[in-house]
1. Could you list which residues have their amide H under 5 Å from that of Ile126, counting only those 5 or more apart in sequence or on another chain, with H placed in the peptide plane?
2. Distance from a point 7 Å along Cα→Cβ of Asp236 to each backbone N in the range 65-79: keep the residues under 16 Å and list them by number.
3. For Lys197 and Lys322, compute 0.36 nm times the residue count separating them, minus their Cα-Cα distance, and round to one decimal in nm.
4. Take the chain, mark every one of the GluC sites (Glu not before Pro) that falls in a DSSP loop and has at most 14 other Cβ within 10 Å, then report the longest stretch left between them, sites excluded.
5. Can you tally the net charge around Glu277? Count Lys and Arg as +1, Asp and Glu as -1, for every other residue whose Cβ sits under 14 Å from the Cβ of Glu277.
6. With each run of n ≥ 4 DSSP H residues scored as -39500 (n - 2.57), what mean residue ellipticity at 222 nm is computed for the chain after dividing by its residue count and rounding to the nearest 500 deg cm²/dmol?
7. Name the trypsin sites (Lys or Arg not before Pro) in the range 1-81 that are in a loop by DSSP and that have at most 12 other C-beta atoms within 10 Å, would you?
8. Could you provide, to the nearest whole Å², the per residue accessible area of the range 128-239 with probe 1.4 Å?
Amino acid sequence: MTLYSRTVADAEPYVPGEQPKGIRIKLNQNESPYPPCPGVKAVLETINYEDFRLYPDTGAYELRAAIAETLGVSHDMIFAGGGSDEILSFAFMAFFNGGDRVYYPDITYGYYRVLAKLFGLEPREIPLDAGFRINVDDYLNADGHIVFANPNAPTGIALTAGEIEPLLAANPDRLFISDEAYVHFSDGKGCESLLNKYKNLLIVRTYSKSYAMAGMRIGYALGDPKLINILDRVKDSFNPYNFDRVSLAAGIAAVRGTDYLRDISERTAKTRNETREALRRQDFEVFPSETNFLFIRKRGIGGDFLYRQLNSAGILVRHFNKPRISEFIRVSMGTPEEMGEFVKAIGGIAR
Ligand SMILES: *Cc1c(COP(=O)(O)O)cnc(C)c1O
């Protein structure tokens with residue numbers, strides 16, 4: 001006997017972006033610079049604290065129905081969870097067995113490795129190609145499950161549904177999880193068009209980035225009703241009341257704010273494109289991002305140096321001290337004014 005389980009002995013917990021005080025411009029966690037939609041404020045004002053004595057809706061039924069209605073799919077194709085991270089955890093528990101292989105890119109969202117370790121899976125990290133793109137051909141014969149972010153993070157590069165389709169078609173018994181945290185800054189649809197044709201596709205999305213609600217912990221999954229039912233079995237075995245009353249109400253209001261979502265996503269994409277051009281004029285290498293962040297470098301200048309110099313100027317960005325990407329920094333999109341300041345500051349640092 002030991003005081004802790006074998007499960008935690010091998011875990012490699014996720015290291016989130018820092019949240020220090022005294023930073024003037026925070027561009028390190030891909031949060032939105034805009035507030036959530038006005039409907040969220042309105043609904044919060046109607047919440048009666050006395051209702052907190054009652055348990056919340058265990059099935060998050062109304063939230064799921066509101067999401068389904070907005071997307072135009074049937075309600076049994078939607079699962080809801082406390083952010084995509086919780087949904088990814090449930091999915092790993094629901095669909096993968098210890099010892100299974102799980103394939104994902106060498107450069108992608110770090111949480112897939114964390115989950116693979118936690119659940120005793122065999123991580124298989126497939127290198128991005130020389131242009132830092134996911135090459136779907138590399139996954140066609142994978143003898144295990146597949147998960148990646150699309151658009152990918154931290155590169156920001158997206159694949160089309162057409163590019164992803166061969167991966168689903170190659171093996172119907174193999175699950176592909178499409179983590180679409182940034183889909184609203186791209187075409188807004190991701191792999192949705194493939195759902196009716198493929199039962200081995202699970203799409204995971206979050207309110208944290210485009211809905212400007214990272215502080216509320218809301219996400220949803222989209223997939224065949226059989227997959228959704230299995231996610232419910234896991235949820236009801238692990239954390240049956242995974243939503244509180246406030247998140248449920250706010251989540252319904254936010255998903256109904258479709259015009260607002262489009263507006264702030266478009267504004268963010270415009271800021272991103274303008275910032276990208278300004279950085280290219282300063283000889284930075286900038287990937288063609290379809291997200292709310294840019295992944296950039298200036299050859300010969302360390303990413304750690306850029307990170308530290310920006311930090312001294314009160315601007316916080318993300319640096320990953322990892323092979324292949326240690327020269328890069330990832331910069332979340334703030335307001336146009338903040339990005340103007342960022343461009344000026346980095347211009348002074350990386351001359
Ligand atoms: C931010 C992010 C998440 C986590 O989102 P939460 O809903 O806040 O847990 C998941 N996947 C990717 C690719 C992300 O960038």
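The values are calculated or read from the model by the stated rules, or taken from the named source; none is laboratory data. The model shown is predicted, which means the values in this text are computed figures rather than measured ones. Because the Cβ atoms are built from the backbone with ideal geometry, glycine has one as well, and the counts that use them run over all protein chains shown. To get the accessible areas, we keep the full protein, side chains included, count just its heavy atoms, and leave off ligands, DNA and RNA. Shrake-Rupley method; radii C 1.70, N 1.55, O 1.52, S 1.80 Å.
1. So Ile126 has HN proximity to Tyr104, Asp106.
2. Residues passing the 16 Å test: 76-79.
3. 41.2 nm
4. Details: sites that count: Glu18, Glu45.
Longest stretch, sites excluded: 46-351.
5. Surrounding charge for Glu277 is +2.
6. Values: 11 runs with 127 residues, N = 351.
Helices in the chain give a 222 nm mean residue ellipticity of -11000 deg cm²/dmol.
7. Values: sites: Arg6, Lys21, Arg24, Lys26, Lys41, Arg53, Arg64; in loops: Lys21, Arg24.
Hits after loop and neighbour filter: Lys21, Arg24.
8. Values: 4120 Å² over 112 residues.
Heavy-atom accessible area per residue stands at 37 Å².
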